[in-house]
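So the structure is just underneath, and the comments pick up after that.
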Amino acid sequence: MDKGLQNRQAGLSEILTKDESSLLADWLKEMSGSVRRSDLIKESELRSESALFLKLLRQGVDSGGYDIDGAAWQPMRELLAEISRSRAQQGFTPTETATFVLSFKKPLFKAIRTRFEKDADALATELWSATALLDSLGLYTIETYIKTRDAVIRRQQEEMLELSTPVVKLWDGILALPIIGTLDSARTQVVMETLLESIVKTNSKVAIIDITGVPTVDTVVAQHLLKTVTAARLMGADCIISGVRPQIAQTIVHLGINLLDVTTKATLSDAFRLALQRTGLSLGRTSNHTAQKTA
Amino acid sequence: MAVISSETIPVTSEPDIVFVRRRVRETAAQIGLSLVDQTKVVTAASELARNTLIYGGGGAMQLESLNGPRLGVRLTFSDNGPGIPDIQLALRDGFTTGSGLGLGLGGTKRLVNEFAIESKVGQGTKIIITRWK
Amino acid sequence: MEKIPILRMGDFLLVTIQVDMHDRLAMALQDDLTQKISETSARGVLIDISSLEIVDSFIGRMLGNIAAMSRVLDAQTVVVGMRPAVAITLVELGMSLPGVRTALNVDAGMELLRESLNGHEGIRHGSNF
């Protein structure tokens with residue numbers, strides 16, 4: 001390590017040790033003016049987070065230099081990850097979350113200025129490294145914040161997808177999958193997987209995909225449907241698409257989508273009748289029924 | 001983006017293709033890809049490994065698992081074969097040279113999230129595919 | 001060299017693929033099977049691929065070839081037990097195996113073969129898709 005860096009670290013480390021209490025007080029004051037969301041976080045909580053941040057900052061500077069990816073900064077990274085995770089969940093904005101770290105600049109710079117008042121060179125270098133350090137910590141906070149949000153969004157998407165694809169057994173060997181809402185790629189993938197898994201599980205030869213509840217069918221949706229039908233066929237099951245409204249039939253033809261190879265029916269009951277036929281069953285009125293009625 | 005693990009597997013014989021499939025499957029399962037996504041990336045690996053062997057005259061696959069922003073698996077196939085003169089044509093569905101092997105790269109491309117190809121005639125081909133969680 | 005066993009069950013041949021096939025093994029199966037069909041005058045062939053974790057274009061093409069070749073030898077081929085993930089991947093890859101008949105499992109495949117040999121129309125799979 002070169003001597004300059006050593007000195008600088010010693011400088012910053014000393015400031016963090018000696019002025020700890022005044023830094024903390026200044027910082028909390030700073031935050032109460034800008035980022036503290038008293039509606040979302042208690043002052044005592046913020047105070048203990050800030051105190052811990054200061055302590056870990058000093059530890060990091062003392063032992064590992066300014067590279068926050070290093071092992072010495074591990075506890076700091078954990079603290080920031082925890083802070084941004086909880087902030088993301090509490091409803092802080094990314095700016096508010098990062099400002100927790102960045103707002104420390106003002107009190108820290110003030111302390112640096114006081115200490116290096118007479119040495120302009122050292123002051124400039126010191127300020128630069130402090131700002132670089134805090135920036136990288138701030139960015140790290142943002143990154144974790146976004147990761148947390150992403151995870152939340154992904155989980156919700158998955159939950160929603162699972163909820164929205166009920167496969168129902170209509171008869172031995174006949175499944176139905178009523179689709180409600182818009183079909184996009186992600187959803188179709190889930191629809192496809194759920195349907196095919198159910199085909200295997202229930203040993204069903206015929207599956208009816210009912211699209212009565214699908215508002216529009218564009219080229220992409222039609223292709224997805226086709227893929228599902230083809231995949232089911234590869235496994236040895238037949239698909240019937242039902243609930244094709246006149247308007248959708250028109251769109252399909254106008255778009256030039258070839259559904260010739262797919263059996264389509266206007267209603268679910270038509271499809272069910274066909275499915276029964278294909279599995280070798282038929283529906284008929286028993287004479288008993290009329291007898292009961294008159295009796 | 002961080003590389004969690006990396007290994008290089010030679011692709012110089014038919015059993016190598018089987019080994020490529022197995023290692024890609026293990027890695028894809030490790031990072032938690034869904035069963036369908038595992039199957040897609042393993043199938044893509046099988047296709048590309050066969051291309052590397054048959055058209056590239058053998059080569060190697062680098063297998064990496066990635067972290068950031070999401071988990072993923074990245075495969076790099078490289079060979080020093082004759083190269084592909086017309087990449088656009090090779091990406092078209094149903095394209096194949098001569099022997100009737102290979103579906104063309106278009107199908108393989110649909111099995112992964114990212115697909116990159118570099119090829120110089122007379123020098124070789126490099127194909128990089130990534131499947132994210 | 002390892003081989004994939006071909007079982008004879010009356011008029012039918014049953015092939016259960018249980019290994020991760022390399023290409024040469026697939027080619028050998030194609031040879032063995034056509035040989036066996038003609039030797040035994042089998043009328044139907046069931047290929048159980050329920051153990052296969054992937055079907056790539058090579059294996060897909062092999063299945064298509066077997067179906068076409070056995071048709072020439074007057075036998076019907078039914079591929080049974082394809083896993084959902086494998087089916088989705090094959091479709092995405094652009095292989096829909098036209099001309100190959102399929103069934104959910106060996107039982108269903110057997111039934112399909114019997115129906116079509118008795119001249120009944122079963123659920124029609126294959127070329128019309």
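The values are calculated or read from the model by the stated rules, or taken from the named source; none is laboratory data. Note that this is a predicted model, so its numbers are computed, not measured. For neighbour counting, all protein chains shown are included, and Cβ atoms are generated from backbone atoms with ideal geometry for every residue, glycine included. Remember, those area values only see protein heavy atoms, side chains included, never the ligands or the DNA or RNA. Shrake-Rupley method; radii C 1.70, N 1.55, O 1.52, S 1.80 Å.
Could you pull out the residue among B:T27, B:T52 that is open to solvent by less than 10 Å² (accessible area, probe 1.4 Å), touching a Phe, Trp or Tyr at 6+ places or on another chain (Cβ under 8 Å) and either in a helix (DSSP H, G or I) or of a type in the set (D, E) (or both)?
Details: B:T27 fails: touching a Phe, Trp or Tyr at 6+ places or on another chain (Cβ under 8 Å).
Within the list B:T27, B:T52, the selection yields B:T52.
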Original post:
Given the conditions (1) within 14 Å of chain C (Cβ to nearest Cβ); (2) not in a helix (DSSP H, G or I), and given that A:A232 satisfies all but one, which numbered condition is not satisfied?
Top reply: (2)
**OP:** Among what's in the range A:93-143 and is touching a helix residue (DSSP H, G or I) at 6+ places or on another chain (Cβ under 8 Å), of a type outside the set (G, A, S) and not in a helix (DSSP H, G or I), pick the residue that is surrounded by the fewest Cβ atoms within 10 Å (Cβ to Cβ).
**Re:** A:E117
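Against the definition (open to solvent by 60 Å² or more (accessible area, probe 1.4 Å), more than 10 Å from chain C (Cβ to nearest Cβ) and farther than 18 Å from C:V86 by Cβ), how does A:V253 come out, yes or no? Full working, then the answer.
Details: open to solvent by 60 Å² or more (accessible area, probe 1.4 Å): yes; more than 10 Å from chain C (Cβ to nearest Cβ): yes; farther than 18 Å from C:V86 by Cβ: yes.
Spelling it out, A:V253 is indeed open to solvent by 60 Å² or more (accessible area, probe 1.4 Å), more than 10 Å from chain C (Cβ to nearest Cβ) and farther than 18 Å from C:V86 by Cβ.
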Original post:
Any idea which residue in the range C:61-91 is most open to solvent (accessible area, probe 1.4 Å), counting only those that are over 26 Å from A:T194 (Cβ atoms) and in a strand (DSSP E or B)?
Top reply: C:Q76
Subject >> Hits in the range A:172-214 - residues which are open to solvent by 10 Å² or more (accessible area, probe 1.4 Å) and of a type in the set (S, T, Y) >> reply: A:T182, A:S185, A:T194, A:S198, A:T202, A:T212
Original post:
Do we have any residue at all in the range A:193-208 that's more than 20 Å from C:R83 (Cβ to Cβ), under 25 Å from the mean Cα position of the chain (by Cα) and part of a helix (DSSP H, G or I)?
Top reply: no
Original post:
Among the listed residues C:L104, C:L112, which satisfies the condition of being open to solvent by less than 20 Å² (accessible area, probe 1.4 Å) and either within 13 Å of chain A (Cβ to nearest Cβ) or of a type in the set (A, V, I, L, M, F, W, C) (or both)?
Top reply: C:L112
**OP:** Just give me the residues in the range A:79-92 being among the polar types (S, T, N, Q) and open to solvent by less than 10 Å² (accessible area, probe 1.4 Å), in sequence order.
**Re:** A:S84
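Have a look at B:G94, B:G98 and point out the one that is open to solvent by 50 Å² or more (accessible area, probe 1.4 Å), at pLDDT below 90 and within 8 Å of chain C (Cβ to nearest Cβ).
Details: B:G98 fails: within 8 Å of chain C (Cβ to nearest Cβ).
One residue alone meets the criteria, B:G94.
Does B:S13 qualify as being crowded, with 21+ Cβ neighbours inside 10 Å, touching a helix residue (DSSP H, G or I) at 6+ places or on another chain (Cβ under 9 Å) and in contact (Cβ under 8 Å) with a residue 24 or more places away in the chain? Full working, then the answer.
Numbers: crowded, with 21+ Cβ neighbours inside 10 Å: no; touching a helix residue (DSSP H, G or I) at 6+ places or on another chain (Cβ under 9 Å): yes; in contact (Cβ under 8 Å) with a residue 24 or more places away in the chain: yes.
Taking the combined requirement at face value, the residue does not satisfy it.
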**OP:** Within the range A:141-179, track down each residue that is touching a residue at least 24 places away in the same chain (Cβ under 8 Å), more than 23 Å from the chain's Cα centre (by Cα) and away from chain C (no Cβ under 14 Å).
**Re:** A:K169, A:L170, A:W171, A:A176, A:P178, A:I179
**OP:** Within the range C:17-44, work out how many residues are surrounded by 15 or more Cβ atoms within 10 Å (Cβ to Cβ) and free of Cβ contacts under 8 Å to residues at least 12 places away in the same chain.
**Re:** 1
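For the range B:26-48, enumerate the residues that are more than 7 Å from chain C (Cβ to nearest Cβ) and over 16 Å from C:G60 (Cβ atoms). If you could, list the steps in order and put the result at the bottom.
Kept after step one, since they are more than 7 Å from chain C (Cβ to nearest Cβ), are these residues of the range B:26-48: B:26-34, B:37-38, B:41, B:44-45, B:48.
Hits for the range B:26-48 are B:E26, B:T27, B:A28, B:A29, B:Q30, B:I31, B:G32, B:L33, B:S34, B:D37, B:Q38, B:V41.
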**OP:** Return the residue satisfying two criteria in turn: it lies in the range A:241-295 and is modelled with pLDDT under 85 and among the basic types (K, R), and of such residues it is nearest to A:I209 (Cα to Cα).
**Re:** A:R285
**OP:** May I ask you to verify whether A:L274 is part of a loop (DSSP other than H, G, I, E, B), open to solvent by less than 80 Å² (accessible area, probe 1.4 Å) and touching a strand residue (DSSP E or B) at 6+ places or on another chain (Cβ under 9 Å)?
**Re:** no
**OP:** Hey, can you tell me all the residues within the range C:27-57 that are within 29 Å of A:K201 (Cα to Cα) and more than 12 Å from the chain's Cα centre (by Cα)?
**Re:** C:S51, C:L52, C:E53, C:I54, C:V55, C:D56, C:S57
